[in-house]
Structures are given as structure tokens and as C-alpha cells.
Amino acid sequence: MIGKTYAIPPQPPVPENLITFAAGNLSIGVEYRDVDPEGLMATYRDNPTHLAELVARSPEGGFTDEGVSLHVFDAADGHEYLRFDVFDADPHYHYNHHGPLVRNNVIEFDVIAHGEMLPWALDRIRTRMPEMLTEAGGTHLVTGLDQLAIDQALDQVAEIAERAQATTRAVQRARGGSTDDRAL
């Protein structure tokens, strides 16, 4: 298995920051995320095992990053199988395996080899969904995929994600750093 595997789920999306679109048996969400050590600690504080793994595997100072996230959910049960974190400092994606044991496989994105992550992520959702769902344990969803519905949802997701990314970068340039402004 490539990447890093965690026995803790990724930090859930913040509902008020998440916009989702129906895509057949899937829903696809877009969210602007600002990850910081305090928020992560709060997410896992009620599960000592998850919190211990977070602390043990965090870099010095904790995880801090921000950017657009794309989420792929099972429309029926809400399980998030795939996440693409198009973050400024550490872009990566997740295979969130479904099953009794949490297995969150995180793969770092190579911007040197692949270029900008957002177009790459949108293309992976559009062209590699069956393979990626299978890798994440969502094989049961593959036969029911509706490519037209996925494409229509992705057109809307792309517009929002590109606008959020461009707006946030413009604000960051103007301020000379990062921002807490939400661009969605």
C-alpha cells in the first residue's frame, strides 16, 4: 500500500463550509479547509486511541495547512471514500476504507510530477472513479456509477473550487501570507 496509513479517520468536513452535489449513487462535496493543531485535537479528544495516534504522528508544532478539499461520499450511507486535499503546503489525497477497522490511507501529491493538484483531482474523479472506489473498499458502488451525473456534479464542483482557490490565493498575496477568510 502506498502512502501513509492511519488508524484514525480524517477530520470530518465542517458542514457549514461544505457544498455537496448529487452524483448518482455518490455525492461530491467541495469545502475550503483550514487545518490547525487545535482543531485536530478537538476532533479526536473524545477518542483516546485516535488522539494518541494523532499526537504520535504529528510533525513538530502539529499539522497546519489550508486549501480546497474535494470529498466523494456514498450517497446512501454518507461514508467518505475519497478525499482530495488541495492544500497549499502539503497537498495529498485519502482512501478512506470502509469496514469495521478504520484505515485512512494518505498519499502525498507530487506537484513536480503532476503539476497543479486541483485539475489533477477533478480529472481523477472524472476518469478513475471505479478504480479509486475499489481501492477504498467501495466496490459495491462501482456498478451503479452514473458517469453523466458525476460529470454534471464535477462541473459545479470545479467552478466553486477554482473560485475558492483563486480568491484565497489573491487574499493571501494581498496580505503577504495565509488567511482565515472563507472563499466559498
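Since every read-out is calculated from the coordinates, none of them should be taken as a lab result. These figures come from a predicted structure and were not determined experimentally. All Cβ positions, glycine included, derive from the backbone under ideal geometry; neighbour counts span all protein chains shown.
Skipping prolines and chain starts, which residues have an amide H placed within reach, meaning under 5 Å, of the one on residue 6, given they are 5 or more residues away or on another chain?
104, 105, 106
List every residue whose amide H lies under 5 Å from the amide H of residue 14, counting only residues 5 or more places away in sequence or on a different chain, with H placed 1.01 Å from N in the peptide plane.
Under 5 Å from the amide H of residue 14 lies no amide H from a residue far enough along the sequence or on another chain.
Just rank 2, 125, 107, fewest to most, by other beta-carbon atoms within 10 angstrom. Before the final figure, lay out the partial values.
Details: 2 10, 125 23, 107 13.
Result, fewest neighbours first: 2, 107, 125.
Put +1 on the Cβ of each Lys and Arg and -1 on the Cβ of each Asp and Glu in the chain; which of 157, 50, 12 then has its Cα farthest toward the positive end of the dipole?
So the residue furthest toward the plus end is 50.
Helix-derived [θ] at 222 nm for the chain: sum -39500 (n - 2.57) over DSSP H runs of at least 4, divide by residue count, nearest 500?
Details: 7 runs with 73 residues, N = 184.
Result for the chain, helices only: -12000 deg cm²/dmol.
Among 58, 27, which comes first, second and so on when ranked by fewest other beta-carbon atoms within 10 Å? Write down the numbers at each step before the final one.
Details: 58 14, 27 19.
With the fewest neighbours first, 58, 27 line up as 58, 27.
Give the relative contact order (percent, whole number) for segment 4-175; include only Cα pairs under 8 Å separated by 6+ residues. Walk me through the numbers before you get to the answer.
Details: 276 pairs, mean separation 42.9, N = 172.
Relative contact order for segment 4-175 comes out at 25 percent.
Mind jotting down the distance between the C-alpha centroids of segment 1-71 and segment 72-119, whole Å?
10
Excluding residue 158 itself, what net charge comes from residues whose Cβ is under 15 Å from its Cβ, given Lys and Arg +1 and Asp and Glu -1? Display every interim value, and only then the final one.
Working: positive: 124, 126, 163; negative: 31, 116, 123, 151, 155, 159, 162.
Computed value for this residue: -4.
Which of 168, 20 comes first, and how do the rest follow, when ranked by fewest Cβ neighbours within 10 Å?
Values: 168 22, 20 18.
In increasing order of surrounding Cβ atoms, one gets 20, 168.
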